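Okay, structure first, notes after.
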Amino acid sequence: MRRSTFTRLALAALVGLGLGVPAKSQAQDWKSQVKEFRIGILGGENTQDRLKRYDGFQKLLEANLGVPVKLFPAADYAGVMQGIAAGQLDAAEFGASGFAGAYLDCKCIEPIVVPQEKDGSTYYYSVMVTRKDSGIDSLEKMKGHSLAWADPNSTSGYLIPSATLRSKGVDLTDGKYFSRTGFAGGHEQGVVAVLNKQYDACVTWTSGQGDKSEGYSRGNLRSMVDRGMLKMSDVNIIWQSGKIPNGPWAVRTALPASLKKQFADFLMDLPKSHRDVYDAIEQGAGVGYAPATMDLYKDIIDLREAEKRGSRS
């Protein structure tokens, strides 16, 4: 074989492996495959507020990726999970249970980053909330009263509190311990239902860190306080779960690796480069993101699998 022929074959092999190709060229390769980047936004607050929170994020990400970024707010968690499974969405920020459910449905999704709290931790809590004037200030006093779950695919709004209460011997059948239970349609809707006396209590999520009077540092309570929808002095927190891993930003596994890395790098830089945008989408005052792996969600995936098996029995 002539030297020139060998050289051409060797270069071709290197290109096929992505070696010897400038990093910038590799990073742009995905644009021939992905013409737009589609982000699902979970339910939990009204559509207008969700789109407003993500407006700055959308514009920054479009500039970073160089392709249109489209936002798709879903009516509930299931809508985003189904969109990912069908290949109609490329990314979303999930709760841990929603991520686990999406993974179990299609095995087509992977976590890339997870939000960090002020102390560097990557967990949060589920809490049960009642009106201050209801006189219900403990879980024991909830017996015979009504409870609103947030969403069947919510970690803190259903999976963890329901599993924890069952483990304590609480029968969740309507009329057994609680007079009735139901799904409010999201975290914000659950708290609003309690404030409007449609339910006696609801479960929602909070970082559990920071000033309680401000709704803590991050979470649904903080978001509602910041928007003037809630005064913490008007509610009791009567129960709190153990630590729950923060939900991840996740992407479709089938996306090009260079696109997934570019998106992860964008998120990791966001708290430093555009703190206001980070605060808007994370609903409070975390400190940034940490790389996420499947190991972080193994227990939640196992819990959802067990719940699925139980519902079939």
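A few points about this structure:
- Between residue 140 and residue 63, the contour length at 0.36 nm per residue exceeds the Cα-Cα span by 22.4 nm.
- Alpha-carbon centroids, region 46-101 and region 219-237: separation in whole Å: 25
- Gaussian network model of the chain, Cα within-10 Å springs - most flexible of 286, 144, 169: 169
- Potential lengthening between residue 295 and residue 164 on full extension [0.36 nm per residue; Cα-Cα distance subtracted]: 45.0 nm
- Inter-site label distance for residue 118 and residue 180 at 7 Å from Cα along Cβ, in nm: 4.0
- Seen from residue 117, the other residues with C-beta closer than 13 Å to its C-beta sum to a net charge of +2, counting Lys and Arg as +1 and Asp and Glu as -1.
- When you restrict to C-alpha pairs under 8 Å that are six or more residues apart and normalise by the size of the chain, the relative contact order lands at 25 percent.
- The chain - convex hull of alpha carbons, volume per residue in Å³: 147
- Within the listed set 276, 76, 151, the residue fluctuating most in the Gaussian network model of the chain (springs between alpha-carbon atoms under 10 angstrom) is 276.
- Residue order, fewest to most surrounding Cβ atoms within 10 angstrom, among 202, 108: 108, 202
- In nm, spacing of pseudo-spin labels at residue 105 and residue 72 (7 Å Cα→C-beta vector): 1.1
- Among 74, 92, 250, residue whose mean-square fluctuation peaks in a GNM of the chain (springs only between Cα atoms under 10 Å): 74
- Local charge for residue 158 was computed over the other residues whose Cβ lies under 13 Å away, with Lys and Arg +1 and Asp and Glu -1, and equals -1.
- Helix axis angle, 47-65 relative to the chain longest principal axis, alpha carbon, degrees: 20
- Difference of contour (0.36 nm per residue) and Cα-Cα distance, residue 32 to residue 197: 54.0 nm
- Solitary cysteines of the chain, where the nearest other Cys Cβ is not under 4.7 Å: 202
- Orientation-averaged projected area, Cα convex hull of region 142-250 (nm²): 7.0
FYI, it's all coordinate maths here, none of it is from the lab. Model, not experiment: these values are computed from the prediction. Cβ atoms come from the backbone with ideal geometry, glycine included; neighbour counts cover every protein chain shown.
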